[in-house]
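This report refers to the structure that appears directly beneath it.
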Amino acid sequence: EMIHTYSLVHDDLPAMDNDAMRRGKPTTHKAFGEAMAILAGDGLLNFAYETAALAFQMEPQNVRFGEAFAVLAKKAGIYGMVGGQTVDVQTDKGEEITREKLDFIYRLKTGALIEASMLIGAVLGGAAEEDCKIVESLAGKVGLAFQIQDDILDVTGDQEVLGKEAGSDEKNQKTTYVTLEGLEKAKKDVEALSVQAIEDLNKLPGNNEFLENLIRILIKRQK
């Protein structure tokens, strides 16, 4: 949650998306200034790692803590969220973007952190390597669907419900899934990805009803 929040604080900065509202309130840089927003994001990222590192003190004999920590760092870093954001920023406004490139950005920028959340749970829960691969795969589908839904809500959502400015993608001349594929196709792809993710989930042992419901809520959210 700290890493996710730091990414939003930095994403809202004038050098990024330059958004004024987040979660129904002025964005951090609007409320406290750009310098404090940068420091707040940096502080949240470091505090997240500090908090995760405490696990080693609690159970130093648990060798899977190191594996989980590595997942967190990788998925949040240059091969994950930061990498996706970098490609997004490097793409000039108004530049034509292919569907393949957009999928790449989404899988890293949004999907990687969702993969981290689910994969870390699998690792710490003692899941077998094959099951971890299934979890990572289904989380990637959820992440892609989540971002496509975000694009849809930027067009169709109510600002009061969203808690942020609607239509910001158009304002920033950003290529999104909706601008590439159209609104109806985007909605169908969100549904298809959710079905595929749940099919992956059903390959895992145990009762996963809670996770199935969570996936449906994440993908079909209205804010």
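The values are calculated or read from the model by the stated rules, or taken from the named source; none is laboratory data. In this text, all values refer to a predicted model and were calculated from it rather than measured experimentally. Counting neighbours? That spans all protein chains shown, and the Cβs are built from the backbone with ideal geometry, glycine included. Calculation scope for accessible area: heavy atoms of the full protein, side chains included, ligands and nucleic acids excluded. Shrake-Rupley method; radii C 1.70, N 1.55, O 1.52, S 1.80 Å.
What is the dipole size for the chain, taken about its Cα centre, with +1 at each Lys and Arg Cβ and -1 at each Asp and Glu Cβ, in debye to the nearest 20? Could you put the intermediate results ahead of the total?
Values: 25 positive and 37 negative charges, 47 e Å.
Around 220 debye, computed over the chain.
Quick one: with all protein chains in place, what share of the accessible area of the chain is carbon or sulfur, to the nearest percent (1.4 Å probe)? Please report the intermediate quantities before stating the final value.
On the way: 6980 of 12290 Å².
Roughly 57 percent, rounded to a whole number.
When the dipole is taken about the Cα centre of region 1-124, and only Lys, Arg (+1) and Asp, Glu (-1) are charged at their Cβ, what size is it in debye, to the nearest 20? Display every interim value, and only then the final one.
Working: 12 positive and 17 negative charges, 47 e Å.
The calculated dipole for region 1-124 is roughly 220 debye.
For a quick check: with amide H placed at 1.01 Å from N, whose amide H comes under 5 Å from Arg22's, ignoring anything fewer than 5 positions away on the same chain?
Here Thr27 satisfy the definition.
Pick from Ala128, Ala186, Ala76 the residue whose mean-square fluctuation is largest in a GNM of the chain, springs joining Cα atoms under 10 Å.
Ala128
Can you list, largest first and rounded to whole Å, the semi-axes you get for region 41-83 by taking the square root of 5 times each eigenvalue of its Cα gyration tensor? Provide the component values of the computation, followed by the final result.
Numbers: eigenvalues 87, 38, 3 Å².
Ellipsoid semi-axes (Å, largest first): 21, 14, 4.
Just to confirm my numbers, what's the Cα centroid distance between region 26-83 and region 206-223 in Å?
Distance between centres, Cα-based: 25 Å.
Hey, can you list the DSSP H helices of the chain whose Cα span along the axis is 15 Å or longer and whose average Kyte-Doolittle score is at least 1.6? The partial results should precede the final answer.
Working: long enough: 34-58 (37 Å, 0.86); 64-76 (18 Å, 0.35); 112-124 (17 Å, 2.09); 129-156 (40 Å, 0.17); 183-201 (27 Å, -0.20); 209-219 (16 Å, 1.15).
Counting only whole DSSP H runs, the qualifying helices are 112-124.
Relative contact order for region 1-60: what is it in percent, counting Cα pairs under 8 Å that are at least 6 residues apart?
Working: 48 pairs, mean separation 22.5, N = 60.
It comes to 37 percent, rounded to a whole number.
So which trypsin sites (Lys or Arg not before Pro) in region 48-157 end up in coil per DSSP with only 12 or fewer other C-beta atoms within 10 Å?
Details: sites: Arg64, Lys74, Lys75, Lys93, Arg99, Lys101, Arg107, Lys109, Lys133, Lys141; in loops: Lys93.
Passing sites in region 48-157 are Lys93.
Exceeding 27 Å between C-alpha atoms, which entries from my cross-link table qualify? They are Lys30/Lys185; Lys25/Lys185; Lys101/Lys187; Lys25/Lys133.
Values: Lys30/Lys185 35 Å; Lys25/Lys185 32 Å; Lys101/Lys187 20 Å; Lys25/Lys133 38 Å.
Check vs 27 Å cut-off fails for Lys30/Lys185; Lys25/Lys185; Lys25/Lys133.
Given the options Leu54, Gly24, Ala70, identify the residue whose Cα lies farthest towards the positive end of the charge dipole of region 1-83 (+1 on Cβ of Lys, Arg; -1 on Cβ of Asp, Glu).
Gly24
Just in region 64-101: which GluC sites (Glu not before Pro) are loop by DSSP and have at most 11 other Cβ atoms within 10 Å? Can you show the working numbers first?
On the way: sites: Glu67, Glu95, Glu96, Glu100; in loops: Glu95, Glu96.
Filter output for region 64-101: Glu95, Glu96.
What Kirkwood hydrodynamic radius, in Å, does region 1-158 give when the mean of 1/r is taken over all pairs of distinct Cα atoms and then inverted? It would help to have the intermediate numbers written out before the result.
Details: mean 1/r = 0.0590 Å⁻¹.
Taking the inverse mean of 1/r over all distinct Cα pairs, region 1-158 comes out at 16.9 Å.
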